[in-house]
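Notes follow once the structure below has been shown.
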Amino acid sequence: MTIPFQAGRYKVRFAVCPSDVAACQRLRHLCFFDAQGEDVDAFDARCRHVMVEDQAGRLVATMRLFEGAPVQGYAAQLYDLSALVAADVPMLEGGRFCVASDGQDADVLRVAWGALTAYVDARGVQVLFGCASFGGTDPALYGRVLARLARYAGPDTLRPAARVPAVSLADCAASGRAPLPALLRTYLARGGWVGDALVIDPALHTMHVFTCLEVAKIPAARARSL
């Protein structure tokens, strides 16, 4: 198992105590709700929490990793993962990834991916999945990129159907021009695919699309860069 990981001005480590986890939850709340507080749910206790810190030890990004049965994770409450589970290979669910508003440095995402890649390699993970999030609850804001996302829909044999009311990507009008979230763009650049349904989450004030990356299908040049 790896992490810790360091590159340039940033280091990555796992949360090791309750105060570390609370710091991650505070950053999540600030990013998702633009307010002070703690974003806490029942899945936090089952996850390992990843912390990206700058040279001063300030938390600039976080995510959580869940390596248990996929049907017990966060994504399974939104999507039917039975087809994915049937593949019966080592999987890792990533979620709640966010970056502090004053930490929007491309190197933060690169270092986070480097640490995640090392962890995936060390654990023999073959499938990395989760819910990529769009800010807000209005699909029209992202109409253009959502319509294009339909091209990246995963194979019928693996693609999960939504278990809750959702918007079909194929039905999204190519109107709104808000950009594709950076994390999702990175998944797609590495050969990832998405589900065909956008789930609106009013409580978190986000919209989710199921995202999956089959490690063996990452382009060789991308794998070397990681």
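Side notes on the structure shown:
- Cβ-Cβ under 7 Å pairs, at least 6 apart or on other chains, the stretch 2-22 side of a type in the set (Val, Ile, Thr), far side modelled with pLDDT of 95 or more and open to solvent by 50 Å² or more (accessible area, probe 1.4 Å): ILE3/ARG13
- Listed by first and then second residue, the pairs with beta-carbon distance under 7 Å, at least 6 apart or on different chains, first residue in the stretch 197-209 and touching a residue at least 24 places away in the same chain (Cβ under 8 Å) and part of a strand (DSSP E or B), second open to solvent by 30 Å² or more (accessible area, probe 1.4 Å) and among the aromatic types (Phe, Trp, Tyr), are THR206/PHE32.
- Of all residues in the stretch 144-186, those that are assigned to a loop (DSSP other than H, G, I, E, B), closer than 16 Å to ALA75 by Cβ and small (Gly, Ala, Ser) total 2.
- Residue count for the stretch 1-23, restricted to those that are at positive phi and either crowded, with 16+ Cβ neighbours inside 10 Å or among the hydroxyl-bearing types (Ser, Thr, Tyr) (or both): 1.
- The one condition in (1) over 26 Å from VAL120 (Cβ atoms); (2) open to solvent by 40 Å² or more (accessible area, probe 1.4 Å) that LEU183 fails to fulfil: (1)
- Identity of the residue in the stretch 113-165, of a type in the set (D, E, K, R) and within 24 Å of PHE32 (Cβ to Cβ), that ends up surrounded by the most Cβ atoms within 10 Å (Cβ to Cβ): ARG144
- A single entry from SER19, SER101 fulfils the requirement of being modelled with pLDDT under 95 and either over 16 Å from HIS208 (Cβ atoms) or out of contact with any His (no Cβ under 9 Å at 6 or more places or on another chain) (or both): SER101.
- In the stretch 12-51, the qualifying residues are those that are outside any helix (DSSP H, G or I) and among the aromatic types (Phe, Trp, Tyr), and the one that is nearest to the chain's Cα centre (by Cα) is PHE43.
- Odd one out for ASP44 among (1) more than 30 Å from SER168 (Cα to Cα); (2) modelled with pLDDT of 95 or more; (3) in contact with a strand residue (DSSP E or B) (Cβ under 9 Å, 6 or more places away or on another chain): (1)
- Filtered by the rule that a residue be in contact with a helix residue (DSSP H, G or I) (Cβ under 7 Å, 6 or more places away or on another chain) and not basic (Lys, Arg), the stretch 167-178 gives VAL167, LEU169, ALA170, CYS172, ALA173, ALA174, SER175, GLY176, ALA178.
- Where a residue in the stretch 101-122 is farther than 16 Å from LYS11 by Cβ and its partner, wherever it lies, is open to solvent by 10 Å² or more (accessible area, probe 1.4 Å), with Cβ under 7 Å and at least six apart: VAL120/VAL215; ALA122/MET1; ALA122/THR2
- Looking across the stretch 23-43, the residues that are touching a residue at least 24 places away in the same chain (Cβ under 8 Å) and among the charged types (D, E, K, R) come down to ARG28, ASP39, ASP41.
- Pairing each residue of the stretch 152-176 that is within 18 Å of VAL127 (Cβ to Cβ) with any residue that is at pLDDT 90 or above and among the β-branched types (Val, Ile, Thr), provided the two are 6+ apart or on different chains, yields C-beta distances under 8 Å for TYR152/VAL194; ALA153/VAL194; GLY154/VAL194.
The values are calculated or read from the model by the stated rules, or taken from the named source; none is laboratory data. Quick caveat, the model's predicted, so the values are computed rather than measured. Cβ: placed from backbone, ideal geometry, glycine included. Neighbour counts: every protein chain shown. Side chains are part of the model used for accessible areas, which takes the heavy atoms of the whole protein and leaves out ligands, DNA and RNA. Shrake-Rupley method; radii C 1.70, N 1.55, O 1.52, S 1.80 Å.
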